Amino acid sequence: MTILIVDDNPTNVIIIREILKKEKYLDTLTASSARGMFEFLKIKDHPAEVLPESTNIDLILLDMMMPEMDGIEACRIIQQYPHLKDIPIIMVTAVGDSKKLAEALDSGAIDYVTKPINKVELMARIRLALRLKKENDWHKERDQRIQEELRLAALVQQAVLTPPIEDNLFEVHALYQPSAELAGDLYAWYPLGDGRYGVILLDMMGHGISSSLVCMFVASVLKDTVTTYVEPEKVIQELNRRFNQLYIENELLQYYFTAIYLVVDTRMKRIDYVNAGHPPALFFQENGSAEMLHQVCCPVGLFDKIEVEQKTFYYAGNSHIALYTDGLMEIVEGDHDEQMAFLSGHLESSHNWDESAMRQAFFNSELENERDDDKCLVWISLKEGERQE
């Protein structure tokens, strides 16, 4: 433990050092002015836009009344450096004015002792300050570990998302912006053979770590489920069965997710889909007309067994489908019709994927009405062309 004593009176410095020495606090530093203290802290008397240098000082005993700059002003300057805010400062003062003492505490000091120095009082306040600092340092270190683990977990979660596919008849791209480090939206697509592709977008109920972990469970079974069962009705039924195997004991909150899953057949120009409680996808045809792919069953995981209705439609020429989560709708305040009009207006312009335009429209951080929800957009381009064998 390193304690810095700041006092312009050498006698006071000697007295405090001797008290600390008898109590086995041998690592002490001394400064006769506020600027001398700043040198130990490796700062200036005004905040500078430079990288902070670390300091090993654990506690400062700061004289309130000093020439050039008093302890209160010096304390205010220290508080302007974020990396020094957690160093406890105890004011040492001969002033009994309660307003001055309140001003000292408001400036950033955590405590004070009065002159003449009382050994018992001084040591009691020092031990309390050091104990609080130790606890604070422990919490900061733990928070840093948690943040680093969340960052790594977010990288893992990002890694399970499928990269784009760009074939001559079919393209699929996505943009994703979680509301926090970990999120509950998930998208994936898989070639199914014979010119077919399975595409799914899901949105887990809730936010935060618990929802993201449940979402990762779904991700772990998704590829096997889609490639094994293929057909939308069977895939959603199987996901519901597997999801209900995830039993969380004594958990009052029931987890579920909305999803929309499509099988695109580029040979037959046919699309089979199931919308399980998800916002309606938008299908933009070559002639400019748009259709909504509404929900046909309840979200996955709400019940042990769910009734699933599969829908089918065909496309011709160049067209595209936009899948999205409700975070995109919540960009606009208003009723459902106003939200859908906003989405359609930005999604219908071209059948080709334009990432910069989509980022500007839906993922712009300056959007005023943006809410705290994950945002995801999946864009499927259906192209006219000769199928490659």
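Rule-based calculations on the coordinates, nothing more; no lab input. Quick caveat, the model's predicted, so the values are computed rather than measured. Positions of Cβ are backbone-derived with ideal geometry, glycine not excepted, and every protein chain shown enters the neighbour counts.
Which length gain, in nm to one decimal place, applies between SER350 and GLU68 when the Cα-Cα distance is subtracted from 0.36 nm times their residue separation?
Numbers: separation 282, 0.36 × 282 = 101.52 nm, distance 6.90 nm.
Once the chain is fully extended between SER350 and GLU68, it gains 94.6 nm.
Can you list the residues, at least 5 places off or on another chain, whose amide H is less than 5 Å from the amide H of THR30, using H built in the peptide plane?
Long-range HN contacts for THR30: ILE5.
Taking the DSSP beta bridges in the chain as the whole, what percent of them are antiparallel, to the nearest 5? Can you show the working numbers first?
Values: 51 of 69 bridges.
Taking every DSSP beta bridge within the chain, about 75 percent pair in antiparallel fashion.
How much length is gained on full extension from GLU291 to MET1, taking 0.36 nm per residue of separation minus their Cα-Cα distance? If you can, show how the numbers build up before the last one.
Numbers: separation 290, 0.36 × 290 = 104.40 nm, distance 6.98 nm.
Here the segment from GLU291 to MET1 would lengthen by 97.4 nm.
Per DSSP H run of at least 4 residues, take -39500 (n - 2.57); add these up for the chain, divide by its residues and hand me the 222 nm value, nearest 500 deg cm²/dmol.
Taking each H run of at least 4 residues, the total per residue is -11500 deg cm²/dmol.
By per-residue mean of other Cβ atoms within 10 Å, what is the highest-first order of 235-241, 166-172?
On the way: 235-241: 21.6, 166-172: 17.3.
With the highest mean Cβ count within 10 Å placed first, the list reads 235-241, 166-172.
Counting other C-beta atoms within 10 Å, which of ARG17, ARG142 has the fewest, and how do the rest follow? List each step's numbers first, then the result.
Values: ARG17 17, ARG142 10.
Final ranking by Cβ density, sparse to dense: ARG142, ARG17.
Compute the long axis of helix 336-347 from its Cα atoms, compare it with the longest principal axis of the Cα atoms of the chain, and write down the angle in degrees, 0 to 90, nearest 10.
80 degrees
Subtracting the Cα-Cα distance from 0.36 nm times the residue separation, let me have the gained length for TYR314 to ASN168 in nm, one decimal.
Details: separation 146, 0.36 × 146 = 52.56 nm, distance 1.83 nm.
Roughly 50.7 nm would be gained on extension.
Which angle between 0 and 90 degrees, to the nearest 10, do you get for helix 232-244 versus the longest principal axis of the chain when only C-alpha atoms count?
Relative to the chain, helix 232-244 is tipped by roughly 40 degrees.
Efficiency by 1/(1 + (r/R0)^6): what FRET value for LEU26 and VAL95, r their Cβ-Cβ distance, R0 = 41 Å, to the nearest 0.05? Can you show the working numbers first?
Working: r = 30 Å, r/R0 = 0.73.
Step by step, r from the Cβ atoms, then E = 0.85.
Within region 160-382, how many Lys pairs sit with Cα atoms under 23 Å apart, leaving out pairs fewer than 8 places apart on the same chain? It would help to have the intermediate numbers written out before the result.
On the way: LYS223/LYS234; LYS223/LYS305; LYS223/LYS311; LYS223/LYS375; LYS234/LYS269; LYS234/LYS305; LYS234/LYS311; LYS269/LYS311.
The number of close lysine pairs in region 160-382 is 8.
I need the semi-axes of the equivalent ellipsoid of the chain: take the C-alpha gyration tensor, multiply each eigenvalue by 5, square-root it, list largest first in whole angstrom.
Listed largest to smallest, the semi-axes of the chain are 65, 22, 17 Å.
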